[in-house]
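First comes the structure, then the notes that go with it.
The values are calculated or read from the model by the stated rules, or taken from the named source; none is laboratory data. In this text the structure is predicted, and so the values were computed from the model without any measurement. For neighbour counting, all protein chains shown are included, and Cβ atoms are generated from backbone atoms with ideal geometry for every residue, glycine included.
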Amino acid sequence: MTDYLPSIEQNPDVPAAASVVWLHGLGANGYDFAPVPPVLGLPPELPVRFVFPHAPSIPVTLNMGYVMPAWYDIKDLGERGHDVDGIERSAGQVRRLVEREVERGVAPHRIVLAGFSQGGAIALHVGLRFPERLAGILALSSYLLLADRLKAEASEANRKTPIFQGHGVYDPMVELAYGMRSRTCLEEQGYDVAWHEYPMEHSVCPEELADVGAWLLDVLQR
């Protein structure tokens, strides 16, 4: 019996033909983005299951050791200040959620891995290494983890997988330059990145959600 992360699920009225596994940011939980699907503008004839998992609660060094939902510990804001063991633990848990969608009848190329901030970092980490082709990877206000290992660990199956990166120009938490460096790293390795900037801080906005909805419709109908 496999243990899965507890999650909020939103299921269509008919069997799902596609799935989106959406990971929240640091200190939040699966409820954070649960209100989003109805505003994405996806047509009812595209039956999509949305899965919003809850990260486990762990002490976060950057936040004075307070225990909060987190996909991995952050010791500092530098690129090497992230907890590698925690990243790999969460990556395994999220990978199992994707595999469960396959077991429930959704083909891998109809599954999107999505996330915000820390969740987007894990979505990128897992999606770029997943052994079967995914529909797409969505990373909002986020960044690339363990970039120096990507070339060796990347899955050939997902070399051409569409990637959506959205970022707030005024983001004080994950600075725009950090996201742009991640985009450059991905593009230098040949990935198809759709980069979007928005006049916001560490958040989402209606314009971004409209762009996300259009992108999801595109990649889930290919």
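Here are some residues: Val98, Val174. Which one is part of a loop (DSSP other than H, G, I, E, B) and under 21 Å from Gly86 (Cα atoms)?
Result: Val174 is the single residue among Val98, Val174 that is part of a loop (DSSP other than H, G, I, E, B) and under 21 Å from Gly86 (Cα atoms).
Can you confirm whether Ser117 is within 19 Å of the chain's Cα centre (by Cα), under 26 Å from Ala194 (Cα atoms) and hydroxyl-bearing (Ser, Thr, Tyr)? Taking the combined requirement at face value, the residue satisfies it.
Does any residue of the stretch 81-89 turn out to be over 14 Å from Val21 (Cα atoms), assigned to a loop (DSSP other than H, G, I, E, B) and free of Cβ contacts under 8 Å to residues at least 60 places away in the same chain?
Yes, the stretch 81-89 contains at least one residue that is over 14 Å from Val21 (Cα atoms), assigned to a loop (DSSP other than H, G, I, E, B) and free of Cβ contacts under 8 Å to residues at least 60 places away in the same chain.
The C-beta contact set for the stretch 139-150 (first residue touching a residue at least 60 places away in the same chain (Cβ under 8 Å) and part of a helix (DSSP H, G or I), second residue surrounded by fewer than 23 Cβ atoms within 10 Å (Cβ to Cβ) and of a type in the set (A, V, I, L, M, F, W, C), distance under 6 angstrom, 6+ apart or interchain) comprises Ala147/Cys185. Here Asn11 clears all of (1) under 23 Å from Tyr143 (Cα atoms); (2) at pLDDT 95 or above; (3) out of contact with any helix residue (DSSP H, G or I) (no Cβ under 9 Å at 6 or more places or on another chain) except the condition numbered (1).
Among the conditions (1) within 23 Å of Tyr178 (Cβ to Cβ); (2) surrounded by 13 or more Cβ atoms within 10 Å (Cβ to Cβ); (3) of a type in the set (A, V, I, L, M, F, W, C), Leu46 misses just one, which is (1). Among the residues of the stretch 49-93 satisfying the criterion of being more than 13 Å from Leu146 (Cβ to Cβ), among the small types (Gly, Ala, Ser) and surrounded by 12 or more Cβ atoms within 10 Å (Cβ to Cβ), which is farthest from the chain's Cα centre (by Cα)? If we take residues in the stretch 49-93 being more than 13 Å from Leu146 (Cβ to Cβ), among the small types (Gly, Ala, Ser) and surrounded by 12 or more Cβ atoms within 10 Å (Cβ to Cβ), then Ser57 is farthest from the chain's Cα centre (by Cα). All of Leu220, Leu150 fail the test of being touching a strand residue (DSSP E or B) at 6+ places or on another chain (Cβ under 6 Å) and closer than 28 Å to Gly92 by Cβ, apart from Leu220. Specify which of the listed residues (Ser182, Ser203) is under 18 Å from the mean Cα position of the chain (by Cα), polar (S, T, N, Q) and not in a helix (DSSP H, G or I). After applying the criteria, what remains is Ser203. Assess whether Gly105 counts as being modelled with pLDDT under 95 and surrounded by fewer than 16 Cβ atoms within 10 Å (Cβ to Cβ). No, not satisfied.
For the stretch 47-62, a residue qualifies if it is in a strand (DSSP E or B) and not charged (D, E, K, R), and the qualifying residues are Val48, Phe50, Val51, Phe52, Pro53, Ser57, Ile58, Pro59, Val60. Across the stretch 29-46, the qualifying residues are those that are part of a loop (DSSP other than H, G, I, E, B) and in contact with a helix residue (DSSP H, G or I) (Cβ under 7 Å, 6 or more places away or on another chain), and the one among them that is nearest to Ser19 (Cα to Cα) is Leu46. The residues of the stretch 165-185 that are surrounded by 16 or more Cβ atoms within 10 Å (Cβ to Cβ), modelled with pLDDT of 95 or more and either closer than 19 Å to Phe33 by Cα or touching an Asp or Glu at 6+ places or on another chain (Cβ under 9 Å) (or both), listed by number, are Gln165, Gly166, His167, Gly168, Asp171, Gly179.
Against the list (1) modelled with pLDDT of 95 or more; (2) out of contact with any Ser or Thr (no Cβ under 8 Å at 6 or more places or on another chain); (3) charged (D, E, K, R), the condition Asp148 fails is (1).
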